[in-house]
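A.B. asks: First the structure, then my questions, so here it is.
Derivation of every value follows stated rules applied to the coordinates shown; laboratory data play no part. As the structure is a computational prediction, the values presented were derived from the model and not from experiment. Cβ placement follows ideal geometry from the backbone for every residue including glycine, while neighbour counts extend to all protein chains displayed.
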Amino acid sequence: MKTKRKSYLTAVCALFSFLCAAAALAGAAMAQQQASGPDNATAAVSAVKPLIVWYSRAGHSQLVAETLQKQLGCDMDTIASKKDRSFFSIVNEQFLGAEDDQEKCKRDLSAYNAVIIAAPIYFMKLCAPARTFMELNRKALKGKDLYLFVTLGGKLPEGKVTAIKEYGAGLGLNIKGVFFLQIGKQEEFPQRVSEILKTTPLQTAGAK
């Protein structure tokens, strides 16, 4: 009788020890998953290079986009406008608020933690293709850092920079920076872009 009771107690103790060990292992696994899951996801997003999208009528903003891609080593795509712009259509867009007609973005914007837009300034206002791109994709762009590299014939006044940022804010977008490059000084684009990138968290192609 004593032997059976002893065996019974031994079995109960063994079962209890087993359950405790299993619970401890499960808890450790869950804690590890919770600790590594968000961090890994954040690290993966942070490691992603930005996406460059550009619109260019005369080729200046395209050159800026290509210079950015060369220095950042990241993906690039066009803002595919369907319009053949004339002076009068630009006036209509810039002064009367006409929107651009453009194809859907082919890139999965969720794969990028930052988006760079290269586009021209017309009549001291961001061109319609860039504005329409932000409007059409604002849900996908929300929460991402946006950087605008704009081209124009002179300098962009600070008030116009503020106006562009406020336009983005009105769409719920976070425009972190607006940088201008002057038409007619294309030979300075590489140096100018390099200097601008040093003031941003965007990684260059050589950075690790």
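A.B. asks: I need the peptides 61-71, 111-121, 152-162 ranked by packing, meaning the mean over residues of other C-beta atoms within 10 angstrom, with the highest value on top.
C.D. replies: Numbers: 61-71: 20.9, 111-121: 22.9, 152-162: 12.8.
Ranking, from highest mean packing down: 111-121, 61-71, 152-162.
A.B. asks: In whole angstrom, note down how far apart the Cα centers of segment 78-106 and segment 110-186 are.
C.D. replies: 15 Å
A.B. asks: Relative to the compact-globule scaling 2.2 N^0.38 Å, provide the ratio for the alpha-carbon radius of gyration of segment 64-208.
C.D. replies: 1.02
A.B. asks: Okay, moving on. Could you work out how much longer the chain between Lys104 and Phe88 gets when fully extended? Use 0.36 nm per residue separation minus the Cα distance between them, nm to one decimal. Spell out each step's value before the answer.
C.D. replies: Values: separation 16, 0.36 × 16 = 5.76 nm, distance 2.50 nm.
That pair, Lys104 and Phe88, stretches by 3.3 nm at full extension.
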